[in-house]
1. Exactly one condition in (1) part of a helix (DSSP H, G or I); (2) open to solvent by 70 Å² or more (accessible area, probe 1.4 Å) is false for Leu69; which is it?
2. Could you grab me the full set of residues in segment 72-84 that are assigned to a strand (DSSP E or B) and open to solvent by 70 Å² or more (accessible area, probe 1.4 Å)?
3. Which members of segment 104-155 meet the condition of being β-branched (Val, Ile, Thr), free of Cβ contacts under 8 Å to residues at least 40 places away in the same chain and surrounded by 10 or more Cβ atoms within 10 Å (Cβ to Cβ)?
4. I'm checking my understanding of the structure. Among residues of segment 97-155 that are among the basic types (Lys, Arg) and over 29 Å from the mean Cα position of the chain (by Cα), which one is modelled with the lowest pLDDT?
5. Could you look through segment 33-58, keep only residues that are of a type in the set (Val, Ile, Thr) and at pLDDT below 80, and pick out the one that is least open to solvent (accessible area, probe 1.4 Å)?
6. Quick one: is Asp61 of a type in the set (Asp, Glu) and surrounded by 14 or more Cβ atoms within 10 Å (Cβ to Cβ)?
7. Name the residue, out of Val99, Val88, that is without any contact (Cβ under 8 Å) to a residue 40 or more places away in the chain and open to solvent by less than 80 Å² (accessible area, probe 1.4 Å).
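The values are calculated or read from the model by the stated rules, or taken from the named source; none is laboratory data. Remember, it's a predicted structure, so these values are computed and weren't measured experimentally. Here the Cβ positions follow ideal geometry from the backbone for every residue, glycine too, while neighbour counts run over all protein chains shown. These area figures cover heavy atoms from the full protein model, side chains too; ligands, DNA and RNA do not enter into them. Shrake-Rupley method; radii C 1.70, N 1.55, O 1.52, S 1.80 Å.
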Amino acid sequence: VVVSSAQKRQIYLAFRPLDSDFPLTVAFPIFVGNALDFLVGNKSSTILGVRPSQAFSLSSDNGAPVTVLTEGRQWTVPVPKGASNVIVRDIRRVGVYSVQSGKLKSKVYASLKNSQESNIAPRSVVTLGSARVGATSSPTRFEDFWKPVLLLALAVLGFEWFVFARRS
């Protein structure tokens, strides 16, 4: 792997990943994540999303106080003695907040996101308006029976071999 950060950040590989077993390994998603962070310039790691009035923790730069700025309003959150993190509890409105502590800068996005929207697990019952829709079982297909049919065929073959071996 060779990287170039001249005018445009680029990553060169000495092989074609799809012609190898690299995409099948545990290291592949880690490589892709690190490659994207390099290509973007680590901008994605300085973004945080929270709900209004939700407390969250931020790192401070060598104990420097954390300054929060939004739409003309600015306040400082002091860092407790001996701590490297600060807990921010004062975000009450939806919007974009700029946070700075020494040389560290980041953005905090406060939105009214719903935790149920991110839950992608299948549900047994879904409520649509006043109606409740329940889950149904999937229809039976031929593909569902290949394992028992295979086991039955192996049992018949084993019994036939046993009868043949007993007679000879």
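1. (1)
2. Correct list: Arg73, Gln74, Thr76.
3. Narrowing segment 104-155 to residues β-branched (Val, Ile, Thr): 108, 120, 125-127, 133, 136, 140, 149.
Of the ones still in play, those that are also free of Cβ contacts under 8 Å to residues at least 40 places away in the same chain are 120, 125-127, 133, 136, 140, 149.
The answer is Val126, Val133, Val149.
4. Among them, the one singled out is Arg141.
5. Within segment 33-58, the match that is least open to solvent (accessible area, probe 1.4 Å) is Thr46.
6. Details: of a type in the set (Asp, Glu): yes; surrounded by 14 or more Cβ atoms within 10 Å (Cβ to Cβ): yes.
So Asp61 passes the test.
7. Values: Val99 fails: without any contact (Cβ under 8 Å) to a residue 40 or more places away in the chain.
Only one candidate passes the filter, namely Val88.
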